[in-house]
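We did not get these values from a lab; they are worked out from the coordinates using the rules stated. Predicted model only: the values in this text are computed from it and were never measured. Because the Cβ atoms are built from the backbone with ideal geometry, glycine has one as well, and the counts that use them run over all protein chains shown.
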Amino acid sequence: MASVSLRNLWKKYGRVEAVKGINLEVKDKEFVAFLGPSGCGKTSTMRMIAGLEHITGGEIYIGDKLVNHLGPEERNIAMAFESYALYPPMTVFDNIAFPLRAAKVPEKEIKERVYHIAEVLELTDVLNKYPKGLSGGHQQRVSLARALVRDAEVYLLDEPISHLDTKMRNRMRAELKRIHQELKSTVIYVTHDQIEALAMADKVVVMSEGFIKQVGTPQEVYFKPRNLFVADFVGEPPMNFLDCKVSLGEKDCQIIIDSLSFKVFDPEKLAALKALKTAKLDRLILGIRPCHIDILAESTVLDGREIRGKVFLVEPLGDSNIVHVKMNENLLLIETITAFEKKEGDDVLIRFQEEHLHLFDKESEEAIF
């Protein structure tokens, strides 16, 4: 297996800049997910690593070898596409075996490896069928099997389970993670699905408009987003964002949202705010995830961290509720237990979990904490 290094990598399609000077280190045996919306540059980046796209500028290393001018067949990579790209005249067995036969692997070993990966991906009952007789989900698993059956240095997976139904997709996430651990392989996985990225990857690369917005573990990009884009893109239900300003005191500060306010006492957050220029304290965005807001009992002892609102809507989701709460003109999403009994129009007392508060500069959109 091998590491992958991207150094000041650019990709232009005419006047359109799809990838804009990104730098990234993928360690040997690491599972890295490229996460972002359509058009963010993640697939273009993967295709450049594979050698399927010309590099406009920069360098790509696989291991210690510069591969800019090497063809795909010279890079020892395996790739599974979102589109299946199967060979219609070949059976499923032959489709999976194709890269092994091209590499002149002995037929006995081919049979063993094909049957092993077919068992893992639940394809043993369709090995003698042809692609046209398969469902879209089966075809996608065959495409994935054809990539994973190879003994490659780097596996490039471009949304390989996007066409599977929800139940199979959930199973495949676990299987892909297990396969990665078994193969001890370097995997780069492209997806727009944050659940896939957070569930499977050792490291998540969040991209937007050709730039890398953050690189970190799933826990880091979820709990410590470095900017407004990452905070908004990662997380379901999405993070709440509220325009606010801050009034600093000696031992606390007040976060003011329209005519409402609450206190924050955390010393680290106070220190971060005191380091800001005074003018910036009036141009901030508060971020808080729905699961990090508590709806309090009316008997709760008040300490200044509370804020009042009114129930606007309750969405029952089975194992939880999403409660929409109005605070003047602002609408908050709050995740609660199923036993929540308030109804539309009822007053509620809420408290933001201080350790999970996020604050962003409104101009730069960078995180303050």
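Would you mind ranking Thr338, Thr186, Thr166 so that the residue whose beta carbon has the fewest other beta carbons within 10 Å leads the list? All intermediate terms of the calculation are to be shown ahead of the outcome.
Working: Thr338 10, Thr186 25, Thr166 7.
If I rank by nearby Cβ atoms, fewest first, I get Thr166, Thr338, Thr186.
What size of dipole, in debye to the nearest 20, comes out for the stretch 136-238 about its Cα centre when the only charges are +1 on Lys and Arg C-beta atoms and -1 on Asp and Glu C-beta atoms? Mind showing how you got there, number by number?
Working: 14 positive and 14 negative charges, 57 e Å.
For the stretch 136-238, the charge dipole is close to 280 debye.
Report the net charge of residues surrounding Asp125, where surrounding means a beta-carbon distance below 15 angstrom and charges are Lys +1, Arg +1, Asp -1, Glu -1. Walk me through the intermediate numbers first.
On the way: positive: Lys129, Arg141; negative: Glu119, Glu122.
In short, 0.
Where the Cα atoms of the stretch 117-184 are projected onto their three principal axes, how long is each span, largest first, in whole Å?
33, 25, 20
Once both axes come from the Cα atoms, what is the angle between helix 166-183 and the longest principal axis of the chain, in degrees from 0 to 90, rounded to 10?
70
Based on the Cβ-Cβ distance from Lys274 to Val16, what FRET efficiency comes out when R0 is 56 Å, to the nearest 0.05? Intermediate results must be reported in sequence, preceding the final value.
Values: r = 43 Å, r/R0 = 0.77.
The calculated FRET efficiency here is 0.80.
Counting Lys +1, Arg +1, Asp -1, Glu -1, what net charge surrounds Tyr84 among other residues with beta carbon under 13 Å of its beta carbon? Don't skip to the end; give the middle numbers.
On the way: positive: Lys132, Arg141, Arg146; negative: Glu82, Asp158, Glu159.
Value of the local net charge: 0.
Helix 92-102: angle to the longest alpha-carbon principal axis of the chain, degrees 0 to 90, nearest 10?
70
What is the spin-label model distance, in nm, from Lys251 to Leu317 if the labels are put 7 Å beyond Cα along the C-beta direction?
Each label point lies 7 Å from its Cα, and together they span 3.8 nm.
Cut-off 10 angstrom, C-alpha nodes, Gaussian network model of the chain. Which of Asn240, Asn128, Asn68 fluctuates the most?
Of the options given, Asn128 has the highest mean-square fluctuation.
Under 23 Å Cα-Cα from Lys326, which lysines qualify once same-chain neighbours fewer than 8 residues away are excluded?
Lys245, Lys263, Lys310, Lys342, Lys343, Lys362
Once both labels are modelled 7 Å past Cα along the beta-carbon direction, what's the Ala103-Asp266 spacing in nm?
In this crude spin-label approximation the distance works out to 4.8 nm.
What is the calculated FRET efficiency for Glu366 to Ser162, with r their C-beta to C-beta distance and R₀ = 35 Å, to the nearest 0.05?
According to the calculation, E is roughly 0.65.
Tell me, what is the percent relative contact order of the stretch 143-198, built from C-alpha pairs under 8 Å that lie six or more residues apart?
Numbers: 37 pairs, mean separation 25.1, N = 56.
Reported relative contact order: 45 percent.
Note the full-extension length gain between Asp125 and Glu73 as 0.36 nm times their separation in residues minus their Cα-Cα distance, in nm to one decimal.
Details: separation 52, 0.36 × 52 = 18.72 nm, distance 3.09 nm.
Extra length available between Asp125 and Glu73 comes to 15.6 nm.
Put +1 on the Cβ of each Lys and Arg and -1 on the Cβ of each Asp and Glu in the stretch 214-369; which of Ile295, Ala272, His356 then has its Cα farthest toward the positive end of the dipole?
Most positive-ward Cα: Ala272.
Calculate I(q)/I(0) for the stretch 229-334 by the Debye formula, one identical point scatterer on each C-alpha and no solvent, and give its log10 at q = 0.21, 0.24 Å⁻¹ to two decimals.
Taken in order of the listed q values, log10 I(q)/I(0) reads -1.29, -1.47.
Compute the relative contact order of the chain as a whole-number percentage, counting only Cα pairs closer than 8 Å that sit 6 or more residues apart in sequence.
Working: 750 pairs, mean separation 55.4, N = 369.
Across the chain, relative contact order equals 15 percent.
Glu17: net charge of surrounding residues, Cβ under 11 Å, Lys/Arg +1, Asp/Glu -1, itself excluded? Each step should come with its number before you reach the end.
On the way: positive: Lys11, Lys12, Arg15, Lys20; negative: Glu209.
Around Glu17, the surrounding residues sum to +3.
Starting with the highest mean, order 118-124, 40-46 by the number of other Cβ atoms within 10 Å, averaged over the residues of each peptide. Could you put the intermediate results ahead of the total?
On the way: 118-124: 17.4, 40-46: 23.9.
Packing proxy ranking, top to bottom: 40-46, 118-124.
As an exercise, take the mean of 1/r over every pair of distinct alpha carbons in the chain, invert it, and state the Kirkwood radius in angstroms. Could you put the intermediate results ahead of the total?
On the way: mean 1/r = 0.0429 Å⁻¹.
Taking every pair of different Cα atoms in the chain, averaging 1/r and inverting gives 23.3 Å.
Roughly what would the spin-label model give for Glu25 and Leu66, points 7 Å off Cα along C-beta, in nm?
Placing both labels 7 Å beyond Cα along the Cβ direction yields 1.9 nm.
I'd like the orientation of helix 136-148 relative to the chain: the angle between its Cα long axis and the longest Cα principal axis, in ° from 0 to 90, rounded to 10.
Once rounded, the angle reads 70 degrees.
Could you put Ser83, Ser247 in order, starting from the residue whose Cβ has the fewest other Cβ atoms within 10 Å?
On the way: Ser83 11, Ser247 14.
Fewest to most other Cβ atoms nearby, the residues stand as Ser83, Ser247.
Excluding residues on the same chain fewer than 8 positions from Lys104, give the aspartates and glutamates whose Cα lies under 16 Å from its Cα.
Leaving aside aspartates and glutamates fewer than 8 places away in the same chain, those within reach of Lys104 are Glu73, Glu74, Asp94, Glu112, Asp151.
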